Amino acid sequence: MHKSKEMPQIIREVGFDFHWSSQKVWKLDISVTSMPMSELQWHFDIPFWNKPSGYYDLKPNEVMANPETYKAEYNRVIESNLKYPIDIMQNKGRWLILDGLHRLVKAKLLGMDAVKVRRIPRSKIPEIQI
């Protein structure tokens, strides 16, 4: 019997309550600013990624600590392009990434103290929803 994939409690607690298109986010005309890494590194302890046969069960910290075990995800981090900013939106009292978690992890691995971000206002949700 196949068990349906259920969203983990932690993702329901910290995540957005809407679905969005990254392509729609990229098209928004939002200025790029800088943000200290410390404001975003809480993402590293949340299982936003999937293990090969899993579902929201892989934390960025696990990938950074075990690059050989999670080679595919680690390669996505290494191949990500830091010329693009990280798209973030206020959610439940803190900044949450809409697009760019692999870039954030790469910035961390490179020892960067700050990253380029675009702060997407919640008023843009209707423009990016799917």
message: I need the full set of residues from region 111-130 which are among the small types (Gly, Ala, Ser) and touching a residue at least 12 places away in the same chain (Cβ under 8 Å), in order please.
response: ALA114
message: Considering only residues that are of a type in the set (Asp, Glu) and closer than 20 Å to MET112 by Cβ, which ones fall in region 49-85?
response: GLU73, GLU79
message: For the structure I just gave you, tell me whether ILE125 is outside any loop (DSSP other than H, G, I, E, B), more than 15 Å from MET35 (Cβ to Cβ), out of contact with any helix residue (DSSP H, G or I) (no Cβ under 8 Å at 6 or more places or on another chain) and aliphatic (A, V, I, L, M).
response: yes
message: I'd like the full set of residues that are within 23 Å of VAL63 (Cα to Cα), basic (Lys, Arg) and crowded, with 19+ Cβ neighbours inside 10 Å, limited to region 86-130.
response: ARG103, LYS106, LYS108
query: Among the residues of region 41-53, is any in contact with an Asp or Glu (Cβ under 7 Å, 6 or more places away or on another chain) and over 22 Å from GLU13 (Cα atoms)?
result: no
field: Subset of region 81-109 (residues that are within 12 Å of the chain's Cα centre (by Cα) and either over 24 Å from ARG122 (Cα atoms) or of a type in the set (Val, Ile, Thr) (or both))
entry: ILE86, ILE88, ILE97, VAL105, LYS106
message: Residue under question is LYS59, and the condition is that it be in contact with an Asp or Glu (Cβ under 8 Å, 6 or more places away or on another chain), of a type in the set (D, E, K, R) and surrounded by fewer than 16 Cβ atoms within 10 Å (Cβ to Cβ); does it hold?
response: no
- prompt: So which residues in region 1-12 are more than 14 Å from the chain's Cα centre (by Cα) and either part of a loop (DSSP other than H, G, I, E, B) or surrounded by 10 or more Cβ atoms within 10 Å (Cβ to Cβ) (or both), if there are any at all?
  reply: MET1, HIS2, LYS3, SER4, LYS5, GLU6, MET7, PRO8, ILE10, ARG12
message: Suppose we keep only residues that are touching a helix residue (DSSP H, G or I) at 6+ places or on another chain (Cβ under 7 Å) and not aliphatic (A, V, I, L, M) within region 101-120. Which one would you say is farthest from ASP45 (Cα to Cα)?
response: ASP113
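Values in this text are rule-based calculations from the coordinates and carry no lab data. As the structure is a computational prediction, the values presented were derived from the model and not from experiment. Cβ sites come from the backbone with ideal geometry, for glycine too, and all protein chains shown count toward neighbours.
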